[in-house]
Every structure is written in C-alpha cells, then in structure tokens.
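The values are calculated or read from the model by the stated rules, or taken from the named source; none is laboratory data. Being a predicted model, the structure only gives us computed values, none of them experimental. In this analysis, Cβ positions are derived from the backbone assuming ideal geometry, glycine residues included, and neighbour counts consider all displayed protein chains. In case anyone asks, the SASA skips ligands and DNA or RNA and just uses the protein heavy atoms, side chains included. Shrake-Rupley method; radii C 1.70, N 1.55, O 1.52, S 1.80 Å.
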Amino acid sequence: MTSLLATVGLVKRFGGLTATDGVDLTVEAGEVHAVIGPNGAGKTTLINQLSGEIAPDAGRILLDGRDITGEPVYRRALMGIGRSYQITSVFPEFSVLDNVVLAVQAHAGHSFSFWRPLSAEAALIERARTALAQSGLAARLATPVAALAHGERRQLEMAMTLATSPRLLLLDEPMAGMSLAESERLVTLLATLKGRYGILLVEHDMDAVFKLADRISVLVYGRVIACGDPAAIRANPEVRAAYLGDQDAAVAA
Amino acid sequence: MSPAVRRRVDARVVVAVLLLGGLALVPMISSLIGGPFYITLFTRIVIFALAAVGLNLILGYGALVSFGHAMYIGIGAYAVGILSHHGVGSGWIQLAAALAVGAVVAVVIGLVCLRTSGMAFIMITLAFAQMFYFLAISLKQYGGDDGLTIAARSDFGVFTLASNTVLYYTALGVLVACLIAFHRLVYSRFGMVLRGCRSNERRMAALGFPTLRYKLTAYVISALVCVIAGMLLANLTKFSAPSYMAWQASGDLIVMIVLGGMGTIVGPVAGAVALLILEEILSGWTTHWMIVLGPAIVLIVLTAKRGIYGYLVERTARHAEARASPS
C-alpha cells in the first residue's frame, strides 16, 4: 500500500548547516504522525519543504506515490495538503467568516469572477459556516479578526485549514501560545479529526503529542534518530538522552 | 450592520455623489463664466482621476506600488498620435490598437515585475517606464523629443470627440463606469483574492491560490485603464509627447492616490481634483509653486491620515449623526 505522504532521503542545507539530513518519513491515511525534537532540530524547515515553500536540495516528496517535489505551493494545496502556521497566519482586516470563505473559495473553481459579490455566493458561505461551527467559532462570524483573542485566532487558523478539505494536514505547533483550557479543546478537536485525515503534527506540548500520536518521530539536528509508537519512543534510551530529558518525568506522570 | 457603520456607508455615497455631481456640472458653469479654460482644466482633472483610479486598483488593493504607470498613459497617447499621423482617425481602431499594445506590454512587463515585491517592484516598474520614455524620444519620425501634433480628435462614428463638451462627458462617463466596475470588483471573488494577497500572500498560496495569475490580471486591468486615460489625454491636448511618460507623471499619480485616500474606490478622484486645482492656483501666483505645493501635500497627508476622501466621509458621517440625535 502506498503511503499518503512519503519523503525519500530529504536533504536541506542552509550554508554549512544541514537542517534536514536524509529524512525518510511516511504519513499513512488516517494516522497522526508527530514530529518532536529540540528547538532548531529542523521541524519547521521540514514542514516548509512538504508544503512547498522551500525546495529541498536532495530527495523526493511523494503524495499517494506521486512525486510532488517540484510542485508549487498552491498546487500542493489543491492536491489536498493543508497547513497551519506556527505564527498565526490569518487576514486581519477581514471578518472571521470572510477568512474562512476565502479558504473555501480556493478549492471551489477559479476566482476570475469580477462582478458578482462574494456575499451572494451562498454555497461558499454555507461551507465556511460549517467549518467555523466545527472549530467552535460559530458565534464570532461577523467579528473582525483584529478583534479576536490569541486563542480564537489559533482556532480560526485551524478552521481555515480544515475548510480547504485537505487529505493531509501539516500542523506546525498548533498549540503554541494557547492557554491550558484552549489546548485541551484543540486536543479534543484533533482527536475527532483523527482517522479522517492524515496528520503530521509538530508540537512541543508533550501531553498532547502522547495523547494524539499513533507514531512519533524524533528529529535531532535534522536527522530522525527514532521512530515508533509512543510507548517505544518513551522507552528509547537515545531519545531520553537527546531530548525528553527532564520533561520525561512530566510525561510519565 | 451597526447604525454607525451604516451611516458611514451612507456618508460614502453622499460624498461620491456630490463629487461626481459637481464634476457633471462643470461644462454648464464653465459656459456661464465664459471661456473654454475651465472645461479644459477639468477634462485634464477627470482624465488624471481615471488614471489614478486605475493605478489604485493594484496600489491600494494589491499593495503593488507601480512607479511606472505613466508609461501606459503614454502608450494610449501614442496610439492616437501615431495612427492619426498615418491618417487613421477612427476612434474604435485607435482604441483597439491601444488596448492590444497596452495588454501585450502589461502582460510581459507584469510577469517580470511581479516576481519581485516591495522596493524592488517600485524600482523595476520605474526602470521599464524610463525605457519607454527614451524609446518615445528616439522615435524621430514621430516627433522625437518634441512630441507629435495630432491633426484631428478621434472619430467614433456615432460621435466624435471634436467638441470640448463631448470630450469632457466622454471622459467623465468612462470614469463613472470604471468606478462602478471597480466597486463591484473589490467585493467579488477576484477582489477578495487581490485583497488577500495584499494582506498575506504566503497564506493565499498555502490555501491553494495561484497568486501570480491574479496579481497579473489586476496589473493588466489597471494598465488598460491608464491606456484609455492616455487616449483621452492625447485627444484633449491634440498632442502626444514623451513627457507624458516621464517619471514625474507616474509620481503625480501616486501623490493623487495618497492625497485622496488609498484603498478607497473614489479617493483617487478627490486626490486628482485637489492636486491639479492646487497646482493651477499656485502656478498662477508664483513660478516657484512647487515650493508651496510640496509642504501643502505633506500637511494634508499628515492631518487627514486616510486622505481627503476619508476625511470628507468622516465629517459627513459625524454631521449626519449630530442631526440624527439633537441634544
């Protein structure tokens, strides 16, 4: 069976620094595959290569067995790769609803329509409302994004990514900067998404990672030093030494 | 929609209608005062307002600061000049030729320029405009440095632009049509994509939009509006000259937009009216009028941060509010 996403010998160098060092990694359909590692391990660089924002120096990226290494960002998005950003990346001058409508619009044919107002496109708006209800923002439709709290912006970021009906989600630290209650809510949301999407999750919140992940890869200096199910990763001595360290106690508790 | 927001929307309509209604009365007032001077001045104003509205589509709604849009005014003007020099006086043929050449130039130059952004985009658009400026100077058979005199204004069959009044209302009609079309455009799918790119292009691509295609389309539309403005300008002055494409002319368009209110549909019209009337009055007083105009622009931009149009809308809204709730 071909994996939903597979990388083969992916390499990215920035000058003398090897940010991605021969990474072979797969995400199966319906699986949550978490990538953890210390700061500077190359996690965001990896996601940026998968989404197409930076080009790898060597190696290939396969989506459903098809080589997409040379495809531009927008075409990968249309093929079903949806991503969220570590730093919230929404459109501050639009309303919450318009942000999500724009995400739906990207996957609903071309946008060379110059006369008909977007507010008259009932089908787009209906789908956007559904995505917002799913993410718990149904009450904030008309609010300008500039007026949203940080946690709500993270929720919107998620709603936009889901509204593009992806098959593969690349989530770059979705819990960054969230309060405890907010991250718990997001974990619940992600748990409901599990099984429907293939998810590559980069996250520092170890509770969330061990709760959600089917498999975990540990990235250190651009290299995958271990890959396995949560129990195996927790037991791996190399991982404990390289990364988990003092957080180990918290995870075990 | 909250009452305050609705009042603001109403105020926008009021200001726009007053502005355009005032412009519609110019020929009558001009004939009352006597002399074709005012109608000529205001035709110039309407034509530059049209060009500024065109540029504002990419500058205000796409954050693409083109410092070379006078080049498209020049293309429109030379299309009329060169064709009429060879005895082609039909406005339709001139229009078709101007739009065709303008579109080809805009697609090619747009594809190159839109690969850059920010300061690089400003500089590369300026560089292309300067190339066309010197190209026009080198066209010796078409007057070179001195420009090209146009024997007769464009003839559109059903009407000709020979009369000043017809030319004025044609220009005003095109301006109003363009304003209505752009008003629809910015709230359409296309307009939302353009504004999304202004805000966060990286995110737009990650959502699945081929952003270059949309920005290029906006660039071409904006260029073609300036081409039409150039055709009208050549008809007004019966002349096409390299100076129409000078970088100062491109700069004037940007000043009009900033002065009037960036990212509003009608703002550039207010900016064009203000700048050209100020220029006219000051140059009547002194030959060193630029020394006065410069600080005046700085003052207006600093006090009315959202431009003259934004200021007028704000005032009208407050006025309406005061009348609605007398205390």
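Beta bridges from DSSP with both residues in the protein assembly as shown: antiparallel share about 55 percent, rounded to the nearest 5.
For region A:142-247, the square roots of the Cα gyration tensor eigenvalues, ordered a ≥ b ≥ c, give a/c of at least 1.5 with a/b greater than b/c, which places it in the prolate category. Protection proxy ranking, highest mean first, for peptides B:31-40, B:151-160, B:124-133: B:124-133, B:151-160, B:31-40, where packing is the per-residue count of other beta-carbon atoms within 10 Å, averaged.
Surface composition of chain B: carbon and sulfur atoms hold 70% of the protein heavy-atom accessible area at a 1.4 Å probe.
Note on chain B: with a GNM built from Cα contacts shorter than 10 Å, the maximum mean-square fluctuation among B:254, B:221, B:47 falls on B:221. Normalised by residue count, chain A yields a Cα convex hull volume of 138 Å³ per residue.
Summary value for chain A: 28 percent relative contact order, contacts being C-alpha pairs under 8 angstrom separated by 6+ residues.
For chain B, complete DSSP H runs whose alpha carbons reach 30 Å or more along their own long axis and whose mean Kyte-Doolittle score is -0.5 or higher are B:3-24, B:37-62, B:91-113, B:164-186, B:211-237.
The convex hull defined by the C-alpha atoms of region B:141-188 has an orientation-averaged projected area of 5.9 nm². Summing both sides, the accessible surface hidden between A and B at a 1.4 Å probe radius is close to 2900 Å². Sorting the segments A:32-43, B:166-177 by their residues' average number of neighbouring beta-carbon atoms within 10 angstrom, most packed first, yields A:32-43, B:166-177.
Packing order of peptides B:284-293, B:206-215, highest average first: B:206-215, B:284-293 (average count of other Cβ atoms within 10 Å over each peptide's residues). Dividing the summed helix terms, -39500 (n - 2.57) for each DSSP H run of n ≥ 4, by the number of residues in the protein assembly as shown produces a 222 nm estimate of -19000 deg cm²/dmol to the nearest 500. Rounded to two decimals, the Cα radius of gyration of the protein assembly as shown over 2.2 N^0.38 Å is 1.17. Relative contact order for chain B using alpha-carbon pairs under 8 Å, separation at least 6, rounded to a whole percent? Relative contact order comes out at 32 percent. Solvent-accessible area assigned to carbon and sulfur over chain A amounts to 55 percent, based on a 1.4 Å probe.
For region A:90-165, the solvent-accessible area of protein heavy atoms averages 39 Å² per residue (probe radius 1.4 Å; ligands and nucleic acids excluded).
Residues of region A:88-112 that lose at least 30 Å² of accessible area (1.4 Å probe, protein heavy atoms only) when the other protein chains are present, relative to their chain alone, are A:89, A:91, A:93, A:94, A:102, A:105, A:106, A:111, A:112. Rounded if a/c is under 1.5, else prolate if a/b beats b/c, else oblate: with a ≥ b ≥ c from the C-alpha gyration tensor eigenvalues square-rooted, which is region A:90-165? Prolate. Dipole orientation for region B:3-324: of the candidates B:287, B:152, B:29, B:29 has the Cα lying most toward the positive pole (charges on Cβ; Lys, Arg +1; Asp, Glu -1). Inter-chain Cβ neighbour count for B:208-220, averaged per residue, equals 4 (cutoff 10 Å, partner chain atoms only). Using a Gaussian network model of chain A in which every pair of alpha carbons under 10 angstrom is joined by a spring, one finds that among A:83, A:154, A:140 the greatest mean-square fluctuation is at A:140. Please state the shape class of region B:3-324: rounded when a/c is under 1.5, otherwise prolate if a/b exceeds b/c and oblate if not, all from the C-alpha gyration tensor. Oblate is the answer for region B:3-324, as a/c is 1.5 or above yet b/c matches or exceeds a/b. The mean accessible area for residues of chain B, using a 1.4 Å probe and ignoring ligands and nucleic acids, is 44 Å² per residue. Take each residue of peptide B:198-204, count the partner chain Cβ atoms within 10 Å of its Cβ, and average: the result is 5. For region B:57-163, the relative contact order comes to 37 percent (Cα pairs under 8 Å, sequence separation of at least 6).
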